[in-house]
Amino acid sequence: MIPKNHPRYWSLMIREELIKHFERGIVAKAGLIAHGRGEAFDYLIGEETIEPAMKAIRAAAAALLLAKHPVISVNGNTAALAGKWVIELAEIVNAKIEVNLFYRTKERERAIESLLRDLGAKEVLGVDESASATIPELMSERRKVDPRGIFIADVVLVPLEDGDRTEALRKMGKTVITIDLNPLSRTAKAASITIVDNIVRAMPKLIDETFKLKNASRQELESILKSYDNTTILADVLNHIINRLKKLQSINIQN
């Protein structure tokens, strides 16, 4: 039992959730490692949603609301940590939900589908034989997509993604939104919109932003996207980290 006054309470609770879902066959072993890597970058950022992330969240909300065929891609970590928010966001922007895995097995697909349905999802794509289409030039199991979902999507939200598929989806002409704590990853650099934030903070804020922009005009949404530049946002994140580390260094020297 983790005491609520523990200084790392929320971080430890997230780890426990991942372990629980690993034991249920939803999270892959590699997913545990990936989370640890992301958590290290969260320390550097300051474990808060910074201004560049909020700008990316606003652009992401606009892109999802403008999309004709939006899809939210779900892997094991996303299902474990943000499944309820995935379903809520999908309802707001009328998006499809699709399971897509690097370490793909029928058992994991079905376990994730079961979890999402228990949380309220009415339809889950990409499970069993429904993932019958293929992303060109991609050799991993992530190449298998649903012809009703990611294959025809114009905007795809791919939280906690690997770089190969992000690059491949961009080559297919899709707008790719990702949530990635590492601003230096191939995913972060290849995506159209990169939210550099912890998924447990970013998803509720993305939902709030879509609510705020739900009744905005098409012109206003297009203006938000036009003014967004992902390269600038990633540079701003790195500057935030650099400045924060300098402050911490200064404090340590003074002490």
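The values are calculated or read from the model by the stated rules, or taken from the named source; none is laboratory data. These figures come from a predicted structure and were not determined experimentally. Every residue, glycine as well, gets a Cβ built from its backbone with ideal geometry; the counts of neighbours run over all protein chains shown. Please note that ligands, DNA and RNA were not included when accessible areas were found on the heavy atoms of the full protein model with its side chains. Shrake-Rupley method; radii C 1.70, N 1.55, O 1.52, S 1.80 Å.
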* Hey, residue 174 hits all of (1) surrounded by 15 or more Cβ atoms within 10 Å (Cβ to Cβ); (2) more than 30 Å from residue 52 (Cβ to Cβ); (3) of a type outside the set (Gly, Ala, Ser); (4) at pLDDT 95 or above but one; which does it fall short on? -> (2)
* Determine which single condition residue 149 fails, assuming it passes every other condition in (1) open to solvent by 10 Å² or more (accessible area, probe 1.4 Å); (2) modelled with pLDDT of 95 or more; (3) farther than 30 Å from residue 235 by Cα. => (1)
* Asked: Of (1) under 17 Å from the mean Cα position of the chain (by Cα); (2) modelled with pLDDT under 90, residue 41 satisfies all except one. Which?
  -> (2)
* To do: Please indicate, with yes or no, whether at least one residue in the range 94-107 is in a helix (DSSP H, G or I) and buried (at least 16 other Cβ atoms within 10 Å of the Cβ).
  => no
* **Residues of the range 123-146 satisfying the condition of being assigned to a loop (DSSP other than H, G, I, E, B), at pLDDT below 95 and open to solvent by 60 Å² or more (accessible area, probe 1.4 Å)** => 132, 136, 137, 139
* Taking only pairs six or more apart or across chains, which ones have beta-carbon atoms under 6 Å, a first residue in the range 1-16 that is within 16 Å of residue 77 (Cα to Cα), and a second residue that is surrounded by 10 or more Cβ atoms within 10 Å (Cβ to Cβ)? -> 12/2
* Structure fact -> Picking from 161, 91, the residue that is open to solvent by 20 Å² or more (accessible area, probe 1.4 Å) and in a helix (DSSP H, G or I) would be 91
* Assess whether residue 78 counts as being of a type in the set (Ser, Thr, Tyr), touching a Lys or Arg at 6+ places or on another chain (Cβ under 8 Å) and open to solvent by less than 50 Å² (accessible area, probe 1.4 Å). => no
* To do: State yes or no: is residue 2 surrounded by fewer than 19 Cβ atoms within 10 Å (Cβ to Cβ), more than 30 Å from residue 132 (Cβ to Cβ) and touching a Phe, Trp or Tyr at 6+ places or on another chain (Cβ under 9 Å)?
  => yes
* Asked: Just wondering, is there one or more residues in the range 166-173 that are in contact with a strand residue (DSSP E or B) (Cβ under 8 Å, 6 or more places away or on another chain) and within 15 Å of residue 78 (Cβ to Cβ)?
  -> yes
